[in-house]
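Asker: One structure, pasted below without further comment.
Quick note: the coordinates plus some simple rules give every number you see, no bench work behind them. Computed from a predicted model, the values in this text were never measured in an experiment. Neighbour counts are summed over all protein chains in view; Cβ atoms, including those assigned to glycine, are modelled from backbone coordinates with ideal geometry.
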């Protein structure tokens, strides 16, 4: 019995597998069609903006963008004029620079601060280490909307208890530094949490041997931990960069909507308000604002996905 | 970790320099002291000068932005480096007990000033009048739960936090499962779904305004996609964003469009982590693909589904930009809680009410987050 049993199993297994392969072929057609339908649905909105942004104003106003599919060599042709117009009239050129000046430091600063803290939480011994770490993670709860007004007040007039000045009046409203600090604070809890998970899971043997070789904490951190943590740092960097670049609220509150200071998202929102029917202009403006994040995203997608899954799935 | 830290003391003991002798070493240590003090001071002066330069509105645009970036990025590294130098100058006994606080200190200070203080402050302001001066008890909270626009915003937000995760997670899950079976093009298909994640809410709003665009008769051709379809079907064009209460749903669709990619990527990673043998075994036992999906895939990624759902619930709870940029929430009846808060703070200028709304938002997020953090810690314990 025990010898005979495997024998009949063989022939039945083969047809099952063959049947599965047949189903697979039929099934894979369904899969491909379903995937294609969802993908098309998902890119239609962006496609509409992209096509519209290259059409001349007269055409944009008189026919829907989808008509280019039946008439790809439309009479009035294609144009790049909208982009020039948006950069110039829409003030997007200046806003683009401001966005850069906000986004790059607002990405690097929280990462640096979080990396130092994460290293200390993982590899240094000090009183209150665990309590502090739990408190930091607990701050993930605070919605940033809640913090906006008190910070704005601090920036405007400082804070004091009686005559003791606790926080000096730095007049940071409308300053890049003010936005950097705000974005840093809002990004820190998640950054510390993610980086501690990563840095804490590095093998302790390498850190031990560096210590025996006479390296102090700063050297270990700088020469050893940072190079080893590049994947985690990159993942969070992309996340934070996209977040800051696409943020409207924090920039609006702390930097303001003036012509000189405003970032891309605010310039876009203003355009919608003031020239909401000039679709040729709006779509070009929208694409200018999407350009850099899309490049960053596609170039570093691998890290981004890894970072997201590291944060949300964990193992 | 504990054993490693016990070793720290030993390692430091080994490293310690021999006690200094002779006048030469005195000069060296004086130089070291001077250096330790001078370097940070010079650094701060440079930072301060460049910071002043940033305030100079007449300065060249490009230069200003360039300096801003260099100062911001360089400043933070300089801060740690300088502090570390100062620590080195402390007596050796104290160095290593102070150093950890140099590493975590800046993070804790920033968090205390920018997150902990604001929470306390907002709670206090929510009990005060429109200028944030006199205490008026719970009036602001009474307002939140009686004002018509506020009640509508709470109802609408409930719609957001139910529909956004529901659609986002189910489409994301379906797509992740399907794309997993593609022989080719999985990466491309996934990045197409994921692409809207990289777009700002402001950009997305323009994108979708173009889709919902409506022109009444006599105001030109309808160039919005939806109305193009309506005309193609022989129907009258519709002013989509003014159709109450469905306009809420149209706004929700925008967020679903943006967030599904996130759900899809995370769920896809979880699906790929299911061991192939389990799936194969089920298939060989004659389970249909649907059964494999329902009985194996879904149960094994349930924890991930829960995490993604919480993340999307919190995001939906805090939604502001979409409603704000799409315009006229009050006349269209599309108010949401976070949008009301900004409105009361900045447009209607009533700090107390704005703060009360913020506190309610905070209280609403806490239970979701607590569940989430507890989950994280359980997983941590398992690992």
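Asker: Once the convex hull of the alpha carbons of region B:243-348 is built, what does its volume come to per residue, in cubic angstrom?
Answerer: 110
Asker: A further question on this structure: Report, in whole Å, the centroid distance computed from the Cα atoms of region B:107-156 and region A:172-211.
Answerer: About 29 Å separates the Cα centre of region B:107-156 from the one of region A:172-211.
Asker: Further question: Ranked by Cβ crowding within 10 angstrom, fewest neighbours first, how are B:328, A:229 ordered?
Answerer: B:328, A:229
Asker: Right, something else. Using only the Cα atoms of region A:101-154, what semi-axes does the equivalent ellipsoid have when each is the square root of 5 times a gyration tensor eigenvalue? Give whole Å, largest first.
Answerer: With the √(5λ) rule applied to region A:101-154, the semi-axes are 25, 18, 9 Å.
Asker: Can you list the equivalent-ellipsoid semi-axes of region B:144-217, largest first and in whole Å, using the square root of 5 times each Cα gyration tensor eigenvalue?
Answerer: 33, 20, 11
Asker: Also, I was wondering about something else. Using 0.36 nm per residue, how much length does the chain from residue B:109 to residue B:231 gain when fully extended, once their Cα-Cα distance is taken away?
Answerer: So the chain would gain 38.0 nm between residue B:109 and residue B:231.
Asker: Let me ask something else about it. Quick one: order B:192, B:326 by neighbouring beta-carbon count within 10 Å, fewest to most.
Answerer: Going from least to most buried by this count: B:192, B:326.
Asker: Show me the ranking of peptides B:154-166, B:138-150, A:235-247 by mean Cβ neighbours inside 10 Å, starting with the highest.
Answerer: Going by the mean number of other Cβ atoms within 10 Å, highest first, we get A:235-247, B:154-166, B:138-150.
Asker: How would you classify region B:315-373 from its alpha-carbon gyration tensor, with a ≥ b ≥ c the square roots of the eigenvalues: rounded for a/c under 1.5, else prolate if a/b is greater than b/c, otherwise oblate?
Answerer: Oblate shape, in that a/c is at least 1.5 and b/c is the bigger or equal ratio.
Asker: On to the next question. Between region A:110-146 and region B:175-223, how far is it from one alpha carbon centroid to the other, in angstrom?
Answerer: Result: 37 Å between the Cα centres.
Asker: Quote to one decimal, in nm, the extra length available between residue B:331 and residue B:186 on full extension: 0.36 nm per residue of separation minus the C-alpha distance between them.
Answerer: Gain on stretching residue B:331 to residue B:186: 47.8 nm.
Asker: Which distance in Å, rounded to a whole number, links the C-alpha centroids of region B:273-303 and region A:29-101?
Answerer: 42
Asker: I've got another one for you. Expected output is a single nm value to one decimal: the length gained when fully extending between residue B:146 and residue B:277, i.e. 0.36 nm times separation in residues minus the C-alpha distance. What is it?
Answerer: Gain in length upon complete extension: 41.4 nm.
Asker: What shape does region A:22-145 have by the C-alpha gyration tensor, where a ≥ b ≥ c are the square roots of the eigenvalues, rounded means a/c under 1.5, and otherwise prolate means a/b greater than b/c and oblate the rest?
Answerer: It comes out oblate by the Cα gyration axes.
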